[in-house]
Structures are given as C-alpha cells and as structure tokens.
Amino acid sequence: MNAAYVRQAFRSSTASLSSRTIGRSSRDALASYGRRIVGTRQYSDDKAPAAEADAEKEVETDKTEITPETELLKTIKAKETETTDLKSRLQYLQADFLNLQRNASREKEQQRDFAITRFAGDLLETVDVLALALKSVPEDVLAQADSPSPDSSDSSPPNSKSVQTYLKELHQGVDMTHRLLLSTLFKYHVKPFDPTGDKFDPNQHEAMYQAPIPGKEPGTILECQKTGYMIKDRLLRAAQVGVVQDTS
C-alpha cells in the first residue's frame, strides 16, 4: 500500500504544475547543465596545452644537449680513432717493409754465395787430378831424393840433379798448386770433407761399393775415394765412398 500511495501522490503533484513552471524549470536546468559543460570543457582545454608542454619538456630532456664542447669532444674522439687506425696500418706496413728488406738481403747474399757453384763444381775436377798426382808418388821415393845416389860419379857436373830430386821438386810444385787452389775455394766458402769412419748418409755420400769387414759396424764408411765438398751449408759434391756391408 505504501508504494501505491507514493505513485498516486507523484501523479497528483505533477498534474498540478503549470506548463510555464515546467518550461522555466527546464530552461533553468538546461542553462545550469550547459554552464557545467562549458566549465568542464574550458577546464579541459586549459589543461591540454600544459600537458603538451610537459610532454615536450620530457622529449627535450631525453635529447642530449648539443654544445660546442660536446661537438669538440666528438671530433677529438673521431680523430683519436682515425689516428689509432693509421698507426696500426703504418706498423703493419713497416713490418712488411722490414721483412721485404730482410728477404731481399738474404736472397742477394745467397745469389752472391752460390753464384760460383757451377764454376766451383767444374774446378773440383782439377783439384781431384792434382790430388791423384800427389798420391801417385810414394813417400819412400821422395825420401830417396834427400840422400845422394850411389850411381852418381865424380865426373858429373856440380849443378846436375838426380831424377829423384827433380821428382821431388815436381811433387812440391803440384802440392803447392793443390793447396793454393783449395785456399782460393775456401775464400768462397767451399770446403772439403772426408767422411771416413762416419755413418753413411745418402744425402752427403755416394756409395761406390760395399765390402764385409770383420770388426767394423755395418753402414760405416770404410774408404773415401773422392773427397766431398760443401759450399756454406749446401752440398756442392757428394763424397764417393766405400761402405762396410752388413753380413747378417
């Protein structure tokens, strides 16, 4: 019953109102509502520029402030990086140039040292012939040249020489020539080597024969028939040798 009573009272109160009163109150309500809307809009319009300004300030603060000092520091850093790069390149070029100089100097020295390789190799044949000539004269024959010959007569000329004396002088001349030739080769770093008693090395020795020798270790060089020669650290001619044979 209370709800019905309230509805009836509301209908009676609204019916008693005049149209003028309703219009005035509606206009007043609309005006008040409009003022509220305008105030709200004005407030929001005034607030928008402030928000945009704050956003712009935040963007500006995020950006690095560009000053002449900053530009100078950037330029200095860029130049330092460029200088480091150029220095590194210069060091590499300097190292390459030094290596090139060393290689050129080594090649020049090798060309100078081994320029006579072919000539020295041909000259060794002459050295071998002189060495064979010296070996062909026995030492006992040379010793007889120092003692007077029993066949010599008193009627022979005082300045005459025996055959042994001439042979000894010839032997001495050949020996001097042989020594002088070896000395000349030695000036150009050509040195002989005799491997008798050493182990056979196919890189430096040439085996001419093999023979079983009791008491000798197999592979040992028994005899050197032709002397070997080195030009500095390079083999000029291999030594021709005889090697002890393995009988096992």
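The values are calculated or read from the model by the stated rules, or taken from the named source; none is laboratory data. Treat the numbers as computed from the prediction; the structure is a model and nothing was measured. Positions of Cβ are backbone-derived with ideal geometry, glycine not excepted, and every protein chain shown enters the neighbour counts. Accessible surface is based on the protein model in full, side chains and every heavy atom, while ligands, DNA and RNA are left aside. Shrake-Rupley method; radii C 1.70, N 1.55, O 1.52, S 1.80 Å.
Residue 213 exposes around 60 Å² of accessible area when a 1.4 Å probe is run over every protein chain in place.
Ligands, DNA and RNA excluded, the heavy atoms of residue 97 present near 110 Å² of accessible surface to a 1.4 Å solvent probe. Residues in the range 115-125 carry Karplus couplings, in order, of 5, 9, 4, 5, 5, 5, x, 6, 6, 5, 4 Hz; the curve used is 6.51 cos²θ - 1.76 cosθ + 1.60 with θ = phi - 60°, and Gly or Pro positions show x.
Efficiency by 1/(1 + (r/R0)^6): what FRET value for residue 118 and residue 176, r their Cβ-Cβ distance, R0 = 35 Å, to the nearest 0.05? Calculated value: 0.85. In sequence order, the range 212-218 has phi-based couplings of x, 10, x, x, 9, 6, x Hz under the Karplus curve 6.51 cos²θ - 1.76 cosθ + 1.60, θ = phi - 60°, and Gly or Pro positions carry x.
Just reorder 209, 229, 166 by solvent-accessible area, largest first, 1.4 Å probe, all chains present. Could the numbers behind the result be given before it?
Details: 209 70, 229 10, 166 125 Å².
Order by accessible area, largest first: 166, 209, 229.
Extension gain, residue 84 to residue 206: 0.36 nm times the residue separation minus the Cα-Cα distance gives 37.9 nm. On the beta carbon distance between residue 223 and residue 105, with R0 = 45 Å, the FRET formula returns roughly 0.60.
Please give the contour-minus-distance gain from residue 199 to residue 187: 0.36 nm per residue of separation, less the Cα-Cα distance, rounded to one decimal in nm.
In short, 1.5 nm is gained.
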